[in-house]
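The values are calculated or read from the model by the stated rules, or taken from the named source; none is laboratory data. This one's a predicted model, so the numbers in the text were calculated from it and none came from an experiment. Counting neighbours? That spans all protein chains shown, and the Cβs are built from the backbone with ideal geometry, glycine included.
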Amino acid sequence: MTLILLTNDDGIGSPGLTALENAFARLGEVWVVAPNSGVSACGRAVSLNRPLRITEHGTRRFSIDGTPTDCVLLACRHLMPSVPDVVVSGINDGFNIGEDIDYSGTVAGALEGALQGSPCSIAASIAYGAGADVIAWAARTTSAIADAMRRSMPPRVALNLNFPAEPTPRLRFTRQGDFLGTGTVEERTDPRGKTYYWIGHRPHQKNPPADSDRGALAEGRISATLVSLDRTFRGAFARPEPVAGLEFE
């Protein structure tokens with residue numbers, strides 16, 4: 001029996017998560033372990049300094065007062081009988097592309113699945129505000145991709161899927177683009193005259209390269225990007241000048 005773990009960062013009541021439950025039921029035994037409520041933009045945060053509480057919502061359905069990383073950790077190491085064959089995090093309401101994937105709780109859930117040893121770990125996101133029919137299409141497509149790739153994924157890698165606002169059969173394997181996302185800071189004043197700050201988004205890249213995640217989405221394609229736990233930069237770089245007391249190797 002194929003073991004499937006579903007999580008997200010929008011909370012256990014998310015329509016995207018429900019759509020995944022329905023779509024993956026045909027592939028094996030589905031477990032849901034998701035945050036109690038939305039924890040968007042939490043990145044790969046893990047709760048090391050406070051207790052975590054688990055709430056049961058029926059057979060193989062649990063919520064946790066923590067992050068997607070917490071959820072996958074508890075699922076793999078405590079709740080499930082073994083590390084799942086497939087981990088899917090999503091479907092997120094809004095794209096997770098470019099540098100924004102570093103902030104993404106959705107992508108974090110998939111990366112934690114890869115770190116825990118799942119042979120197929122996927123993050124799925126869709127255009128913000130997509131309707132129920134489009135979300136259901138994205139969920140079915142995600143399950144088909146998982147079924148096709150679950151024996152051929154590289155280790156310690158997750159597949160980051162992003163779906164456009166309209167269904168399409170066209171999928172493009174892409175690189176991580178330059179999203180130019182989160183980054184503006186607005187200074188505001190509350191009704192009592194005290195200053196506070198709001199972090200927002202920079203303008204999107206106007207002409208994204210066609211081989212990037214944003215470029216594929218701009219053309220109405222599904223974007224599929226393999227993202228790795230290994231952050232090592234492997235390009236060429238200039239060695240620094242000698243530093244006293246150090247020997248470079």
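Quick look at the numbers
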read-out: Residue under evaluation LEU229, criteria (1) over 30 Å from ILE135 (Cβ atoms); (2) of a type in the set (A, V, I, L, M, F, W, C); (3) surrounded by 10 or more Cβ atoms within 10 Å (Cβ to Cβ), criterion not met; value: (1)
read-out: Any pair with Cβ under 6 angstrom, 6 or more apart, that starts in segment 66-89 at a residue that is under 22 Å from ALA139 (Cβ atoms) and among the aliphatic types (A, V, I, L, M) and ends at one that is surrounded by fewer than 24 Cβ atoms within 10 Å (Cβ to Cβ) and at pLDDT below 95; value: VAL86/ARG150
read-out: In segment 144-203, the residues that are over 30 Å from LEU5 (Cβ atoms) and polar (S, T, N, Q); value: THR184, THR189, THR195
read-out: Hey, ALA34 over 16 Å from GLY94 (Cα atoms), at pLDDT 95 or above and small (Gly, Ala, Ser) or not; value: yes
read-out: Tally of residues being buried (at least 17 other Cβ atoms within 10 Å of the Cβ) and not in a helix (DSSP H, G or I) across segment 128-156; value: 3
read-out: Residue count for segment 69-94, restricted to those that are modelled with pLDDT of 95 or more and in contact with a Ser or Thr (Cβ under 7 Å, 6 or more places away or on another chain); value: 12
read-out: Unmet criterion (only one of (1) at pLDDT 85 or above; (2) surrounded by 12 or more Cβ atoms within 10 Å (Cβ to Cβ)) for PRO191; value: (2)
read-out: Verdict on PHE248 being over 24 Å from GLY109 (Cβ atoms) and either in a loop (DSSP other than H, G, I, E, B) or modelled with pLDDT under 85 (or both); value: yes
